[in-house]
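The values are calculated or read from the model by the stated rules, or taken from the named source; none is laboratory data. Bear in mind that the values here come from a model prediction, so they are computed numbers and not experimental data. We place every Cβ from the backbone using ideal geometry, glycine too, and count neighbours over all the protein chains shown.
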Amino acid sequence: MVRADLVAALRQRLSGGGVSVGSWMQFGDSDVAEVMGRAGYDWVAVDLEHGSIAHDRLPDMFRALELGGTLPMVRLPESTPLECKRALDAGAAGVIAPTISTAEEARAVVDACRWPPAGTRGVGFSRANLFGTDFEAYRAFAQAPFVAVMIETRAGVQNLPGILAVEGIDALLIGPYDLSASLGQTGAFDTPKFTAALARIREVAGQAGVPAGLHVVDLSPEALHARIAEGYRFLAYSIDSVALRSAIANPLAAEAQDGDAR
């Protein structure tokens, strides 16, 4: 399976200390997915939590991403067994599970993503195994799809050593907005409390040998390189919606506003 080979290559890169950069989609459009699949990312996460994307759009979006050799990931709307099964049965290479605050929650996600005997996910024909055509090959892959957990709460930071000790966690991704909100400073990313939480996450992740990740939302290569220099190794870069908004802005309108300001 090409999907399995790409996941194995991603794991090998991360386990060897390398960096993986993916991107993010909030639009449920397969044409956009096809463009992003050819943009040079290792993976693209389809955002079911904050994006306006229905489950029945996933197969076409995944096909479009895979045309470009890009792994389709899903940021789950909730870290539940049903959502894990839906995303993976549609053909996701892995999941990004939101709001993981305890080791028990992390273990439950890993369990819900895996077919028996490794886990408890329901077994059946689906788009993931081409409705039975690739059943045997997918049986092996379904023992360990890619799983990243999102650390987005004060409790998640406090319980991080136990979370990262759970077998089957491939990476973590910080949810900066929710984490800042949990710390009582919504959207404030330069406060001592928030920066201390980030430093703690990087420290614990380094000790556990689990790649720490962050979402660089703005279209800023400089910011991406700066985050990598800080030690992040599993990064999302921008969002389809942000890229469109930035690229489509009328330069004449911006110039007019600058002139008015003068």
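What to note about this one:
- Matching residues, region 204-249, being over 18 Å from residue 10 (Cβ atoms) and either polar (S, T, N, Q) or not in a helix (DSSP H, G or I) (or both): 207, 216, 217, 218, 219, 220, 231, 238, 239, 241, 246, 249
- Within region 4-19, being within 14 Å of residue 147 (Cα to Cα) and either within 15 Å of the chain's Cα centre (by Cα) or charged (D, E, K, R) (or both) holds for 7, 10, 11, 14.
- Region 123-165, subset among the hydroxyl-bearing types (Ser, Thr, Tyr) and part of a loop (DSSP other than H, G, I, E, B), residue farthest from residue 206 (Cα to Cα): 133
- Residue that is nearest to the chain's Cα centre (by Cα), among those in region 169-193 that are among the β-branched types (Val, Ile, Thr) and crowded, with 17+ Cβ neighbours inside 10 Å: 174
- Set 187, 206: member being closer than 23 Å to residue 147 by Cβ and either touching a strand residue (DSSP E or B) at 6+ places or on another chain (Cβ under 8 Å) or at pLDDT below 95 (or both): 206
To keep it simple, each residue is scored yes or no on (1) aromatic (Phe, Trp, Tyr); (2) crowded, with 22+ Cβ neighbours inside 10 Å; (3) over 14 Å from the mean Cα position of the chain (by Cα).
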{"site": "53", "(1), (2), (3)": "no, no, yes"}
{"site": "57", "(1), (2), (3)": "no, no, yes"}
{"site": "61", "(1), (2), (3)": "no, yes, yes"}
{"site": "64", "(1), (2), (3)": "no, yes, yes"}
{"site": "72", "(1), (2), (3)": "no, yes, no"}
{"site": "76", "(1), (2), (3)": "no, yes, no"}
{"site": "83", "(1), (2), (3)": "no, no, yes"}
{"site": "92", "(1), (2), (3)": "no, yes, no"}
{"site": "95", "(1), (2), (3)": "no, yes, no"}
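- Set 76, 48, 82: member being free of Cβ contacts under 8 Å to residues at least 24 places away in the same chain and out of contact with any Gly (no Cβ under 9 Å at 6 or more places or on another chain): 82
- Pairs are defined by a Cβ separation below 8 Å, a sequence spacing of at least 6 or placement on different chains, a first member in region 212-238 that is without any contact (Cβ under 8 Å) to a residue 40 or more places away in the chain and closer than 13 Å to residue 24 by Cα, and a second member that is outside any helix (DSSP H, G or I) and of a type in the set (Val, Ile, Thr); the pairs so defined are 217/239.
- Subset of region 19-43 (residues that are under 17 Å from residue 69 (Cβ atoms) and not aliphatic (A, V, I, L, M)): 20, 22, 23, 30, 34, 37, 38, 40, 41, 42, 43
- Only residues that are in contact with a Gly (Cβ under 7 Å, 6 or more places away or on another chain) and in a helix (DSSP H, G or I) were counted in region 94-121, giving 5.
- Total residues in region 97-129, condition closer than 18 Å to residue 167 by Cβ and either hydrophobic (A, V, I, L, M, F, W, C) or at pLDDT below 95 (or both): 11
- Lone unmet requirement of (1) in contact with a Pro (Cβ under 8 Å, 6 or more places away or on another chain); (2) over 16 Å from residue 3 (Cα atoms) for residue 127: (2)
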